[in-house]
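Written below as structure tokens is the structure these notes are about.
Since every read-out is calculated from the coordinates, none of them should be taken as a lab result. These numbers come from a predicted model, not from an experiment. Cβ placement follows ideal geometry from the backbone for every residue including glycine, while neighbour counts extend to all protein chains displayed.
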Amino acid sequence: MSDTASLRGDYSNIGPDYAVEQNWAAYTGEQHALYRRLYERQSALVPYLACAEFNKALAMLDADKGIPRFDQVSRRLRRATGWEIVPVPGLVPDEVFFRHLAEKRFPVTVWLRKPEEFDYIVEPDVFHDFFGHVPLMFDPVYADHMCEYGKGGLKALRLGGLKYLARLYWYTIEFGLIKSEDGVRAYGAGLLSSGGELGFSVQSPKPARRPFDLMTVMASDYHIDSYQDQYFVIDDFGQLMQETAPDFTPLYEKLKREEKAAA
Ligand code: PHE
Ligand code: CO
């Protein structure tokens, strides 16, 4: 994603790492109110649909008053897991994104969707990025895994494995399910920030819920414009960490070979 000209968001004042000022004072009262409405809808759902790690962090974030101040949350995050939030104008090039993660900076988009996008938005906005991603960054195992993922991303760029690693991100960080004592729960940010797909992913009889398997995930295409027809379920974040720890170099080679053979 290098053509930022076609992206939503103001890229005119970016630093070399695409960081911008959040400029919190510039959000309008309407924007804070819209954020609160999004927050209220999701916070009614997460107690029985999201994983315990997420609910625990959300409760102590007290981010229900409106669009949060990133600098304040960063201070607490640094103490908890060593991470901080970096405000960005929107999507950033892959290499930039991976480098931020590798250095324990989580990029969060500064702009908020429009009221007519309440139910569905194509590009990630501040509600998706903050509500969906930031709470789990307070969990030490999850946070470590994100850092490893960032380093793995830089490596995948060198090895031509980005397509496969992107699928892993999609089926875990964005749309992952996790086991709990009360059945399956969501930990993927795309689910946690979605009014419709969160309940669908956890409760609908329609989609397949398959046990997480690294090679299956990296060989599975996904769609970005409808609910998923399959989700992958992990036992816990320790499993995610363990299964993604091995060197992916031979796995990328194998996936490329298999793809060629199938073509
Ligand atoms: N182990 C992967 C590699 O060697 C890196 C990675 C770690 C990828 C964690 C995703 C998550 O490329
Ligand atoms: Co996301």
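Assuming 0.36 nm per residue, please report the length gained on full extension of the stretch Gln242 to Asn55 beyond their Cα-Cα distance.
Once the chain is fully extended between Gln242 and Asn55, it gains 65.0 nm.
Tell me which residues come under 5 Å, amide H to amide H, from Ala50 once H is placed; ignore anything under 5 positions away on its chain.
Ala186
Magnitude of the Cβ-charge dipole of the chain, K/R +1 and D/E -1, about the Cα centre, nearest 20 debye?
Rounded to the nearest 20 debye, it is 280 debye.
Of Leu255, Leu101, how do they rank once you tally other Cβ atoms within 10 Å and put the fewest first?
Placing the least packed residue first, the sequence is Leu255, Leu101.
Rounded to whole Hz and in sequence order, give me ³J(HN,Hα) for segment 102-109 from the Karplus expression 6.51 cos²θ - 1.76 cosθ + 1.60, θ = phi - 60°, writing x for Gly and Pro.
Taking θ as phi minus 60°, the curve returns 4, 9, 6, 10, 9, x, 10, 4 Hz for segment 102-109.
Per-residue HN-Hα couplings for segment 252-260, Karplus 6.51 cos²θ - 1.76 cosθ + 1.60 at θ = phi - 60°, whole Hz, x for Gly and Pro?
My calculation for segment 252-260 gives 4, 4, 5, 4, 5, 4, 4, 5, 4 Hz in order.
Can you tell me, using C-alpha contacts under 8 Å and at least 6 residues apart, the relative contact order of segment 141-263 as a whole percent?
About 28 percent, as a whole number.
Provide the per-residue ³J(HN,Hα) series for segment 10-26, in order, calculated from phi with Karplus coefficients 6.51, -1.76, 1.60 and θ = phi - 60°, each as a whole number of Hz, with x at glycine and proline positions.
9, 9, 7, 10, 6, x, x, 9, 6, 6, 10, 7, 5, 6, 4, 5, 7
List every residue whose amide H lies under 5 Å from the amide H of Val108, counting only residues 5 or more places away in sequence or on a different chain, with H placed 1.01 Å from N in the peptide plane.
Val86, Val88
Among Val233, Val126, which comes first, then next, by fewest other beta-carbon atoms within 10 Å?
Sorted ascending by nearby Cβ count, the order is Val233, Val126.
Which percentage, to the nearest 5, of the DSSP beta bridges contained in the chain is antiparallel?
Among the beta bridges of the chain, antiparallel pairing accounts for roughly 25 percent.
Taking every alpha carbon pair in the chain, what does the distance histogram look like in 10 angstrom bins from 0, in percent?
7, 30, 38, 21, 4, 0
Please go through segment 164-207 and write out the GluC sites (Glu not before Pro) that DSSP classes as loop and that have at most 15 other C-beta atoms within 10 Å.
Passing sites in segment 164-207 are Glu181.
Report the calculated FRET efficiency for Ala44 and Tyr120 (r = Cβ-Cβ distance, R0 = 25 Å), to the nearest 0.05.
0.85
Lys256: which lysines have alpha carbons under 19 Å from its alpha carbon, excluding same-chain residues fewer than 8 sequence positions away?
By straight Cα distance, Lys256 reaches Lys155, Lys163.
With unit charges on the beta carbon (Lys/Arg positive, Asp/Glu negative), name the residue among Leu7, Ala19, Ser226 whose Cα is farthest towards the positive pole of the charge dipole of the chain.
Sorting the options by dipole projection puts first Ala19.
Neighbour counts of other C-beta atoms within 10 Å: give me Ile178, Ile14, Ile224 arranged from fewest to most.
Ile224, Ile14, Ile178
Which residues does the label zone of Lys163 cover in segment 231-263, counting backbone N under 16 Å from a point 7 Å along Cα→Cβ?
251-263
Determine the calculated [θ] at 222 nm for the chain from helices alone, applying -39500 (n - 2.57) to every DSSP H run no shorter than 4 residues and normalising by the residue count; nearest 500 deg cm²/dmol.
Estimated from H runs of four or more residues: -13500 deg cm²/dmol.
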